[in-house]
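Have a look at the structure below before the remarks.
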Amino acid sequence: MTTTIQAPATPPGVGDRIRGLQCRECGQLYAAEARHVCELCFGPLEVAYDYAAVASSMTRETVARGPQTLWRYRDLLPIEGERVVDTRAGFTPLVRAHNLGRALGLRNLWVKNDTVNPTFSFKDRPVSIASTRARELGFEVLACASTGNLAGSVAAHAAKAGMRACIFIPSDLEPAKIVGASIYEPTIVAVDGNYDDVNRLSSEVADLYPWAFVNINLRPYYSEGSKTLAFEVAEQLGWRLPDAVVVPVASASMFTKVHKGFSELQQVGMVDSGTVRMIGAQAEGCSPVVQAARAGSLDVQPVRPNTIAKSLAIGNPADGYYALKIVQQTGGALEAVEDSEIVEGIRLLARTEGIFAETAGGVTVGVLKKLVLAAKIDPDEVVVAYITGNGFKTVDAVAEHVAPPLRVAPTLTAFEAAYARSTAERGH
Amino acid sequence: MAAERVKFTFPPDLVNTPVIYNMGKEFGVVTNIRRANLSHDRGWVILEVVGTPEAVEKSLSWAKEQGVRVEPVGAETTS
């Protein structure tokens, strides 16, 4: 028995901006359709642009005239029509973090606060792109395999788009996360098995059903949404690049796309040339990319996750290799922190900047702190820390670490006595 | 006929074992390697396994029993 591999014909692009989908390994070009694996070498596909065409239409002025959402960067996003699925995702605040900077010894620290997206995490960025492209390609069902955050975002975008949604989750998922997705009325399929089992079943379903799985057959479009995290930071800094960014690493998709975003802005002339040092942050309990970096290797060995940072708990990251290459190219770093440091990172961010982050944010802040202490970040560098999800998603991680309320009888005397005790204990 | 696209990741003790050859011989499946990265102590191979549905399933189960990590290509978690 033999298998004949036929090279696809040169495909049509999307308009004049998008050349199609291109294999990251062998360079083969495909039409901009629902496809994520190269037929020749089985490598991952990503969107290829004609940057000269983009540069001819995209300027700082055209961006400034755009909506206060991620759609202001549509020239560098893989959609073709005017009708987008708009949940008002993106263009989140870039906060000058004076207090956190002072605590860490950094004079130019900024926090990209992505906790305020419509479903409270950065996932709304990639899902906005994927759902829009899904509708353009004629799909009627939006689907995903998820451990929680993606489920809510996909369900919300499907609701907004008037599409049906089918969400595959592990059956032991926390009830709060199930409710967070169920409220948008998708079909939720709770699979008896772990996340690998969910992922495998979803891939089989994607092969058989004409559904748009945002993180499977629409993955090349989906992942492009994370570039807007770079576009916004550059614009919000006055169209200049930061010196370094700290990005949490799960599959490393976001990490590679933030880097791609900064590179594209330079290619289309929106910012001056420069190198942004890419710093990746993982939890020690799930740090396959960091372990590879520590071993001086580009070979990521899968691990079994064991950390409170569930949203980063991917033991076999799809883009780990590419993240390691980017760290090499940019003179960046990869570092990991223990669960106790993650909790402390969440608390530090909350008490200094008033931002309540989920555990991934604690990883980012913890790694930032660790690298400053190791003198791997200069105090005067312009540094941006990406905080990608809201703390209300992972309340259990910090519930035992916050002070209980002062319980008092309903009298002024009782209040004053309790308040005085509390003030003395806190030292202020 | 069934065709599965999979990634085999080999632990150090299996790097020098002809697992793919043995699998084809044992289960009558055709293996078609598309990409690979192997060193003296570790490595992975991306391949297509073609045969009857039963033979493909049994061959991949056997590979796992040998200690190979078997994952469908393109199903890596993106989260």
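Just so it is clear, none of the values below were taken in a lab; they were calculated from the coordinates. This one's a predicted model, so the numbers in the text were calculated from it and none came from an experiment. No Cβ is skipped: glycine too gets one built from the backbone with ideal geometry, and neighbour counts run over all protein chains shown.
The alpha carbon centroids of the range B:20-36 and the range A:39-103 are separated by 43 Å.
Over all directions, what mean area does the Cα convex hull of chain A project, stated in square nanometres?
Values: hull surface 94.9 nm².
With every direction weighted equally, the projected area is 23.7 nm².
When the P(r) is computed for the range A:66-132, the part past 14 Å accounts for 62% of the Cα-Cα pairs.
Taking a Cβ cut-off of under 13 Å around A:V95, the surrounding Lys, Arg, Asp and Glu residues balance to a net charge of -1, with basic ones at +1 and acidic ones at -1.
Considering only DSSP beta bridges where both residues belong to chain A, give the percentage that are antiparallel (nearest 5). Here the share of antiparallel DSSP bridges comes out near 35 percent.
Could you tally the net charge around A:A357, taking each other residue with its Cβ under 13 Å from the Cβ of A:A357, Lys/Arg +1 and Asp/Glu -1?
Details: positive: A:K112, A:R347, A:R351, A:K393; negative: A:D114, A:E344, A:E353, A:E358.
Around A:A357, the charge tally is 0.
Cα-based Rg of the range A:299-398 per 2.2 N^0.38 Å, rounded to two decimals? Let's see the in-between values first.
Values: Rg = 14.1 Å, N = 100, 2.2 N^0.38 = 12.7 Å.
That works out to 1.11 for the range A:299-398.
The helix-based estimate of mean residue ellipticity at 222 nm for the protein assembly as shown, built from -39,500 (n - 2.57) per DSSP H run of four or more residues and divided by its residue count, is -11000 deg cm²/dmol to the nearest 500. Stretching the chain fully between A:A176 and A:K160 yields a gain of 3.6 nm (0.36 nm per residue, less the alpha carbon separation).
Largest mean-square fluctuation among A:A418, A:A250, A:A399, in a Gaussian network model of chain A whose springs join Cα atoms under 10 Å apart, belongs to A:A418. The simple Förster model, with R0 at 22 Å and r as the Cβ-Cβ distance, assigns A:I183 and A:D396 a FRET efficiency of 0.65. Given the C-alpha centroids of the range A:393-428 and the range A:199-227, what is the distance between them in whole angstrom? Between the Cα centre of the range A:393-428 and that of the range A:199-227, the gap is 47 Å. Summing Cβ point charges (Lys, Arg +1; Asp, Glu -1) relative to the Cα centre of chain A gives a dipole of roughly 780 debye.
Highest mobility in the GNM of chain A, judged by mean-square fluctuation with C-alpha springs under 10 Å and restricted to A:L241, A:L40, A:L324, is found for A:L40.
Pairs exceeding 18 Å between alpha-carbon atoms, taken from A:K123/A:K370; A:K227/A:K376; A:K123/A:K325; A:K260/A:K325: A:K123/A:K370; A:K227/A:K376; A:K123/A:K325. Charge tally around A:R277: other residues with Cβ under 15 Å, Lys/Arg +1 each, Asp/Glu -1 each, net -2.
Applying a DSSP loop filter and a limit of 15 other Cβ atoms within 10 Å to the trypsin sites (Lys or Arg not before Pro) in the range A:43-133 leaves A:R65, A:R83, A:R88, A:R107. GNM remark for chain A: springs join alpha carbons under 10 Å apart, and the peak mean-square fluctuation among A:S297, A:S128, A:S146 falls on A:S297. Between the C-alpha center of the range A:256-304 and that of the range A:143-188 there is a gap of 29 Å.
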